[in-house]
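Asker: Take a look at this one; I'll ask things after.
The values are calculated or read from the model by the stated rules, or taken from the named source; none is laboratory data. All values derive from a computational prediction rather than experimental measurement. Every residue, glycine as well, gets a Cβ built from its backbone with ideal geometry; the counts of neighbours run over all protein chains shown. With ligands, DNA and RNA removed, areas are computed over all heavy atoms of the protein, side chains included. Shrake-Rupley method; radii C 1.70, N 1.55, O 1.52, S 1.80 Å.
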Amino acid sequence: MKFLCVECDRQMQFEERQLPGDGTLAAAFRCPSCGRAVALLTNPMETQLVSSLGVKIGGTTLPPQPLETVRAMVATGKADAFDDGARPDAGPARATGVTWSLAAQERLARVPGFVRGMVKKIYVDYAKDRGIGEITPVMMDTARRELGLEEM
């Protein structure tokens with residue numbers, strides 16, 4: 001992905017990347033011609049997805065190498081990027097210390113499989129951080145609201 005200055009029709013250059021510590025990621029880009037700046041801010045779920053995929057924000061100082069992305073994933077890819085650490089025979093409580101209501105389990109089952117582990121981790125971490133023992137649909141809605149994930 002690249003950012004383009006609409007006024008100058010020039011590609012913006014990466015300027016700065018910040019990880020504020022609340023699970024978000026911020027990156028700034030500036031137009032080399034007119035100096036206009038644009039910022040990118042991701043929510044915690046987007047930040048985790050980008051990190052799990054090994055995407056680098058800010059570009060590189062070296063010219064692109066043949067099959068660079070493929071080589072990086074082969075060398076550093078994580079097979080368990082979306083694994084929640086649960087054994088297949090372990091119930092939700094034994095794997096995480098948090099229980100899931102039947103309604104919450106059914107709701108989680110509707111999440112696409114390729115992101116289900118990540119979504120489950122977000123809710124489990126939210127519950128653990130707040131001392132919540134059972135994940136329910138109401139708790140899931142509250143977490144989405146507080147974490148800024150309502151649009152997802």
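Asker: Counting only residues 5 or more places away or on other chains, whose amide H sits under 5 Å from the amide H of TRP100 once H atoms are built in the peptide plane?
Answerer: When sequence neighbours closer than 5 places are left aside, the close amide H contacts are ALA93, ILE135.
Asker: Okay, moving on. Explain nothing, just compute: Karplus ³J(HN,Hα) = 6.51 cos²θ - 1.76 cosθ + 1.60, θ = phi - 60°, for every residue of region 113-127 in order, whole Hz, x for Gly and Pro.
Answerer: Values, residue by residue: x, 6, 10, 4, x, 5, 5, 4, 4, 4, 5, 5, 4, 4, 4 Hz.
Asker: While we're looking at this one, here's another question. State the dimensionless ratio Rg/Rh of region 1-59 (Rg: radius of gyration of Cα atoms; Rh: Kirkwood radius).
Answerer: 1.02
Asker: Using a 1.4 Å probe on the protein chains only, how many percent of the accessible area of region 1-59 belongs to carbon and sulfur? Don't skip to the end; give the middle numbers.
Answerer: On the way: 2070 of 3970 Å².
Its accessible area is 52 percent carbon and sulfur atoms.
Asker: Sort 11-18, 26-33, 120-127 by packing, meaning the average of other beta carbons within 10 Å per residue, with the highest value first.
Answerer: 120-127, 26-33, 11-18
Asker: Please report the relative contact order for region 1-59, taking Cα pairs under 8 Å with a sequence separation of at least 6, and give it as a percent rounded to a whole number.
Answerer: Numbers: 91 pairs, mean separation 16.9, N = 59.
Once normalised by length, the contact order is 29 percent.
Asker: While we're here: Sort 128-134, 42-48 by the packing proxy (mean of other Cβ within 10 Å over each peptide's residues), most packed first.
Answerer: 42-48, 128-134
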